[in-house]
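The values are calculated or read from the model by the stated rules, or taken from the named source; none is laboratory data. Values in this document were obtained by computation on a predicted structure and should not be read as measured data. Reconstructed Cβ throughout: ideal geometry from the backbone, glycine too, with neighbour counts over all protein chains shown.
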Amino acid sequence: MSEPLLKVKDLKKHFAIRGGVLSRVVDHVHAVDGVSLEVAQGETLGVVGESGCGKSTTGRCILRLIEPTSGEIWFQGQDVRKMDGEKLRALRRDMQIIFQDPYASLNPRLTVASIIGEALQIHNLAKTNKDIEARVVELLETVGLRPEYMHRYPHEFSGGQRQRIGIARALAVEPKLIVCDEPVSALDVSVQAQVINLLEDLQEKFGLTYLFIAHDLSVVEHISDRVAVMYLGRVVEISSAKDMYANPKHPYTEALLSAVPIPDPKAKRKRIVLQGDVPNPIRPPSGCHFHTRCPIAVERCSRDVPHLKETTPGHWVSCHLRS
Ligand code: SF4
């Protein structure tokens, strides 16, 4: 495999919790607890897990929207954590994000033209107002919106249309990688498919690479080349999407997949209902983080941390009992 576009190694983000009169650090939330992954140029890596598993924090650390506690992030062979000044500015152009909530992520006081034009101005991609307007028109058409919408405000649009505006804003700076952070979770199911199809078309047209974050395995199935499943700050399984859905190996992935409906009414999947809630990330369980809910846990699971190992070519699992 050629050098991946993005490489993340043992990434950690522990948020400090402060308390007391002196506001001292009293504890830490282990939001991301040693994530390693790679994304190839032009690929879509789906990142899936329940809310609070650290997937969005991972995405934000990669973009340097928040500073990681430790670990490595490499983009196009360059050390992202060491970037500052002009290099960081260039990185912000190469990596964009599409947010979950199209209602909250657009400034309600700005017209669509200003929202998209702002990105062009910040990165000096259009000099005159005429250039900006021409590019805004082009971008709106690219995402399936009418050019005259440029004079309207976000509240005048539906959820799906707002997400298209968010996509146009991300595309404005011609990024290489887009972190799609639950981009369809807030949308109606019928609109979800339209936005996913649009993202796929844009990927083909512009050779984009996606890190596609979702809590629902059925959403990422269609769009992802590979899928990484996260639980409590760690990646527990990673493989091609096809292999993951046909042959899940980690007990947590099996449970997540058992809840995904199968289109064939004759085919049946045994539903695995996990007991209990996701443990508190301030004090994650020892050993395998999943052992408090795992239906097949054995004694060593609470003691030894399982590491990702390649069980079949390209299929990595972190479980003592699965190989
Ligand atoms: Fe379950 Fe143990 Fe495997 Fe963790 S290591 S998934 S607790 S069997």
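Write out, first by first residue and then by second, each pair whose Cβ atoms fall under 9 Å of each other, whose residues are 6+ apart or on separate chains, and whose first residue, in the stretch 295-323, is closer than 24 Å to A241 by Cα and charged (D, E, K, R) while the second is within 7 Å of the ligand (Cβ to nearest atom) and part of a helix (DSSP H, G or I).
Once the first residue is closer than 24 Å to A241 by Cα and charged (D, E, K, R) and sits in the stretch 295-323, its partners that are within 7 Å of the ligand (Cβ to nearest atom) and part of a helix (DSSP H, G or I) give R322/P251.
If you check V236 against the conditions, is it surrounded by 19 or more Cβ atoms within 10 Å (Cβ to Cβ) and either within 28 Å of L199 (Cβ to Cβ) or in contact with a strand residue (DSSP E or B) (Cβ under 8 Å, 6 or more places away or on another chain) (or both)?
Numbers: surrounded by 19 or more Cβ atoms within 10 Å (Cβ to Cβ): yes; either within 28 Å of L199 (Cβ to Cβ) or in contact with a strand residue (DSSP E or B) (Cβ under 8 Å, 6 or more places away or on another chain) (or both): yes.
Yes; evaluated as a whole, the condition is true for this residue.
Quick one: is S323 more than 13 Å from the ligand (Cβ to nearest atom), at pLDDT below 95, polar (S, T, N, Q) and farther than 18 Å from K55 by Cα? Step through it out loud before you land on a result.
Numbers: more than 13 Å from the ligand (Cβ to nearest atom): no; at pLDDT below 95: yes; polar (S, T, N, Q): yes; farther than 18 Å from K55 by Cα: yes.
Against the criterion (more than 13 Å from the ligand (Cβ to nearest atom), at pLDDT below 95, polar (S, T, N, Q) and farther than 18 Å from K55 by Cα), S323 does not qualify.
Cβ-Cβ under 9 Å, sequence separation 6+ or interchain: first residue in the stretch 97-114 and over 21 Å from P175 (Cβ atoms), partner among the charged types (D, E, K, R) and buried (at least 19 other Cβ atoms within 10 Å of the Cβ). Which pairs?
Final answer for the pair search is Y103/R162.
Residues in the stretch 122-144 that are surrounded by 13 or more Cβ atoms within 10 Å (Cβ to Cβ), of a type outside the set (G, A, S) and either free of Cβ contacts under 8 Å to residues at least 24 places away in the same chain or assigned to a helix (DSSP H, G or I) (or both): how many?
Count: 11.
Looking at this structure, is P263 away from the ligand (no atom under 14 Å from the Cβ) and modelled with pLDDT under 95? Break it down stepwise before answering.
Numbers: away from the ligand (no atom under 14 Å from the Cβ): yes; modelled with pLDDT under 95: yes.
It is true that P263 is away from the ligand (no atom under 14 Å from the Cβ) and modelled with pLDDT under 95.
Just checking, which of A113, A119, A40 is touching a Pro at 6+ places or on another chain (Cβ under 6 Å) and among the aliphatic types (A, V, I, L, M)? Outline the logic, then answer.
On the way: A113 fails: touching a Pro at 6+ places or on another chain (Cβ under 6 Å); A119 fails: touching a Pro at 6+ places or on another chain (Cβ under 6 Å).
A40 is the lone residue from the list that is touching a Pro at 6+ places or on another chain (Cβ under 6 Å) and among the aliphatic types (A, V, I, L, M).
Could you check T253 against (1) touching a residue at least 40 places away in the same chain (Cβ under 8 Å); (2) within 20 Å of the chain's Cα centre (by Cα) and say which number it fails?
The single condition T253 does not satisfy is (1).
For the subset of the stretch 52-67 comprising residues that are surrounded by fewer than 23 Cβ atoms within 10 Å (Cβ to Cβ) and outside any helix (DSSP H, G or I), which member is nearest to the chain's Cα centre (by Cα)?
Among residues in the stretch 52-67 that are surrounded by fewer than 23 Cβ atoms within 10 Å (Cβ to Cβ) and outside any helix (DSSP H, G or I), the one nearest to the chain's Cα centre (by Cα) is L63.
Could you say whether any residue in the stretch 191-201 is within 25 Å of C53 (Cα to Cα), in contact with a Phe, Trp or Tyr (Cβ under 6 Å, 6 or more places away or on another chain) and not small (G, A, S)? Before the answer, list the steps.
Within the stretch 191-201, the subset within 25 Å of C53 (Cα to Cα) is 192-193, 195-196, 199.
Applying the additional criterion that residues be in contact with a Phe, Trp or Tyr (Cβ under 6 Å, 6 or more places away or on another chain) yields none.
There is no residue in the stretch 191-201 that is within 25 Å of C53 (Cα to Cα), in contact with a Phe, Trp or Tyr (Cβ under 6 Å, 6 or more places away or on another chain) and not small (G, A, S).
C180 versus (1) modelled with pLDDT of 95 or more; (2) under 17 Å from H222 (Cβ atoms); (3) assigned to a helix (DSSP H, G or I); (4) of a type outside the set (D, E, K, R): which is the lone unmet condition?
All conditions are met except number (3).
Being in contact (Cβ under 8 Å) with a residue 40 or more places away in the chain, near the ligand (Cβ under 7 Å from one of its atoms) and at negative phi: is that true of I282 here? Spell out the reasoning first.
Working: in contact (Cβ under 8 Å) with a residue 40 or more places away in the chain: yes; near the ligand (Cβ under 7 Å from one of its atoms): no; at negative phi: yes.
No.
Could you list, in sequence order, all residues of the stretch 1-25 that are modelled with pLDDT under 95, among the hydrophobic types (A, V, I, L, M, F, W, C) and farther than 19 Å from G52 by Cβ?
Once the filter is applied, which keeps residues that are modelled with pLDDT under 95, among the hydrophobic types (A, V, I, L, M, F, W, C) and farther than 19 Å from G52 by Cβ, the stretch 1-25 yields M1, V21, L22, V25.
Identify all residues within the stretch 295-319 that are buried (at least 17 other Cβ atoms within 10 Å of the Cβ) and either among the aliphatic types (A, V, I, L, M) or within 8 Å of the ligand (Cβ to nearest atom) (or both); write none if there are none.
Answer for the stretch 295-319, where residues must be buried (at least 17 other Cβ atoms within 10 Å of the Cβ) and either among the aliphatic types (A, V, I, L, M) or within 8 Å of the ligand (Cβ to nearest atom) (or both): A297, C301, P306, L308, V317, S318, C319.
Residue check, H28 against (1) surrounded by 15 or more Cβ atoms within 10 Å (Cβ to Cβ); (2) at pLDDT 95 or above; (3) over 26 Å from V184 (Cα atoms), all met but one. Which one?
Every listed condition holds for H28 apart from (2).
Name, by its number, the condition in (1) touching an Asp or Glu at 6+ places or on another chain (Cβ under 8 Å); (2) at pLDDT below 95; (3) more than 21 Å from C319 (Cα to Cα); (4) not polar (S, T, N, Q) that does not hold for F206.
Condition not satisfied by F206: (2).
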